[in-house]
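Comments concern the structure below.
The values are calculated or read from the model by the stated rules, or taken from the named source; none is laboratory data. Predicted model only: the values in this text are computed from it and were never measured. With ideal geometry, Cβ positions are generated from the backbone for all residues, glycine too; neighbour counts draw on all protein chains shown. All accessible areas refer to the heavy atoms of the entire protein, side chains included, with ligands and DNA or RNA removed. Shrake-Rupley method; radii C 1.70, N 1.55, O 1.52, S 1.80 Å.
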Amino acid sequence: MRLRDLGEFGFINRIAAAIAEQPTVPIGIGDDAAAVEPAPGHLALVTSDMLVEGVHFDLTLTDPLRLGRKSLAVNLSDLAAMGAKPRYYLLSLAVPQQLELAFLDRFMHGMMERADQFGVTLIGGDTCSSKGGLAISVTAIGEQLPGRVVGRSGAQPGDLVFVTGTLGDSALGLELLRQGEREGLAVSRHLDPEPRVAAGIALAEAGLATSMIDVSDGLLADLGHILEKSAVGARLDLASLPLSDQYRKDVSSFTEDFFALALGGGEDYELVFTAPPLLRERVFSCLDSCGVAVAVIGEITAGDGLAIIAADGSAYQPRRTGYNHFT
Ligand code: ADP
Ligand code: MG
């Protein structure tokens with residue numbers, strides 16, 4: 001048996017199954033970030049993400065400044081998805097011998113820009129040489145009160161499904177980059193995503209979201225994690241997916257399926273969350289005060305399974321459901 005027979009999530013589940021539950025770890029493996037209780041009544045939220053040359057980034061398509069910004073942003077996005085305030089981070093690098101120091105200086109400059117923007121402090125890490133490409137691992141630590149943390153498991157039948165911003169731009173941006181495009185909204189959303197930190201914290205502190213996740217692997221895959229952990233299903237309305245003007249204009253050059261990248265494309269780093277219909281207006285005004293757009297894209301249903309409904313009312317079958325590293 002190989003890793004690809006198990007898939008990324010099968011592999012993670014196997015690791016998780018071997019770890020015993022502990023009272024000081026209210027949320028362990030299986031959410032956007034873990035929660036540990038260093039002192040009674042205070043949760044530290046911890047998350048780690050790795051970016052590997054040739055897997056997550058291509059040095060011919062990005063630049064060190066934006067790579068540094070993105071490496072921190074994707075971790076802050078996981079903290080945002082828990083409703084946590086980001087505080088500290090650790091940075092570990094495996095660096096090819098021949099890499100220019102100027103590259104690393106620009107990389108660190110980009111990372112520090114994002115760190116300053118969100119008030120997080122670098123507290124450590126590790127550096128070693130690499131015989132392959134560049135590998136970047138960031139561990140971010142945030143905090144939140146136990147009652148305010150939003151996990152993946154709280155969605156209830158009848159809750160509305162919300163998403164911030166627009167979907168599919170990052171995947172479209174990657175396609176455009178591969179074709180030689182270097183500018184525009186989609187390209188910039190791929191190379192330099194904006195984590196929804198203020199929105200995640202505001203939703204959690206107002207007690208509005210019953211579950212939340214960030215879109216890193218694609219809407220269907222990530223909403224799928226909420227449905228699985230909450231033991232519910234959902235109805236998704238294609239007509240209400242928020243799409244940028246550029247997406248509407250350019251996506252058809254890459255796929256015959258207009259919704260493919262919005263549903264299956266990863267790395268949007270938007271927040272998908274659920275909230276009871278009675279709180280709908282409060283959700284809208286909460287995100288309005290953060291300056292973040294939000295749309296209702298469906299509803300949580302009892303039972304399992306995701307029904308995707310096209311504008312004409314027919315059922316829609318996606319061709320690809322999201323990103324998995326090993327399948
Ligand atoms: P995200 O896309 O939000 O970063 P992942 O799908 O990467 O989340 O991870 C899902 C869960 O599995 C997280 O709780 C993560 O900490 C855990 N996880 C991933 N890889 C490992 C590993 N090698 N060992 C232990 N836990 C892991
Ligand atoms: Mg996540």
Dividing the helical contributions, -39500 (n - 2.57) per DSSP H run of n ≥ 4, by the residues of the chain yields a 222 nm value, nearest 500 deg cm²/dmol, of -10000 deg cm²/dmol
Quick check: convex hull over the Cα atoms of the range 137-178, volume per residue in Å³, rounded to an integer? 165 Å³
Can you send over the carbon and sulfur percentage of the accessible area for the chain, probe radius 1.4 Å, protein chains only? 53 percent
Taking 2.2 N^0.38 Å as the expected size of a compact globular protein, what ratio does the Cα radius of gyration of the chain give against it, to two decimals? 0.97
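Treating only the Cβ of Lys, Arg, Asp and Glu as charged (+1, +1, -1, -1), what charge dipole size does the chain show about its Cα centre? Round to the nearest 20 debye.
Numbers: 25 positive and 42 negative charges, 64 e Å.
So the magnitude is around 300 debye.
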Which one of Tyr316, Ala73, Val283 has its Cα pushed farthest toward the positive end of the charge dipole of the chain, where Lys and Arg give +1 and Asp and Glu give -1 at the Cβ? Ala73
Across bins of 10 angstrom width beginning at 0, how are the C-alpha pair distances of the range 174-319 distributed, in whole percent? 10, 39, 36, 14, 1
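So, counting K/R as plus one and D/E as minus one, what does the shell of residues with Cβ under 13 Å around Ala275 add up to?
Working: positive: Arg280, Arg282; negative: Asp159, Glu281, Glu299.
Result for the neighbourhood of Ala275: -1.
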With θ taken as phi - 60° and the coefficients 6.51, -1.76 and 1.60, list the Karplus ³J(HN,Hα) couplings across the range 66-73 in order, rounded to whole Hz; mark glycine and proline as x. 6, 5, x, 4, 5, 4, 7, 4
How big, on average over all directions, is the shadow cast by the Cα convex hull of the range 1-140, in nm²? 10.1 nm²
If we count every other residue with Cβ under 12 angstrom of Val187's Cβ, Lys/Arg +1 and Asp/Glu -1, where does the sum land? -3
Just to be sure I understand: of the beta bridges DSSP finds with both ends in the range 3-147, what percent are antiparallel, rounded to 5? 70 percent
On average, how much accessible surface per residue is there in the range 150-309, in Å², for a 1.4 Å probe, leaving out ligands, DNA and RNA? 37 Å²
Which aspartates and glutamates have a Cα less than 19 Å from the Cα of Lys249, not counting those fewer than 8 places away in the same chain? Asp169, Glu175, Glu181, Glu183, Asp257, Asp268
Just to confirm a number: summing +1 for Lys and Arg and -1 for Asp and Glu over residues other than Ala204 whose beta-carbon lies under 10 angstrom from that of Ala204, what do you get? +1
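Average projected area of the Cα convex hull of the range 1-83, in nm²? Don't skip to the end; give the middle numbers.
On the way: hull surface 29.7 nm².
Mean shadow area of the hull around the Cα atoms is 7.4 nm².
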Which of the three applies to the range 66-116, rounded, prolate or oblate, going by the alpha-carbon gyration tensor with a ≥ b ≥ c and a/c under 1.5 meaning rounded? prolate
Just by accessible area at a 1.4 angstrom probe, what is the order of Thr121, Thr47, Thr210 from largest to smallest? Thr121, Thr210, Thr47
Would you check the accessible area of Ser289, probe 1.4 Å, heavy atoms only, in square angstrom rounded to 10? 100 Å²
Accessible area of Ile15 in the full protein assembly, 1.4 Å probe (Å², nearest 10): 80 Å²
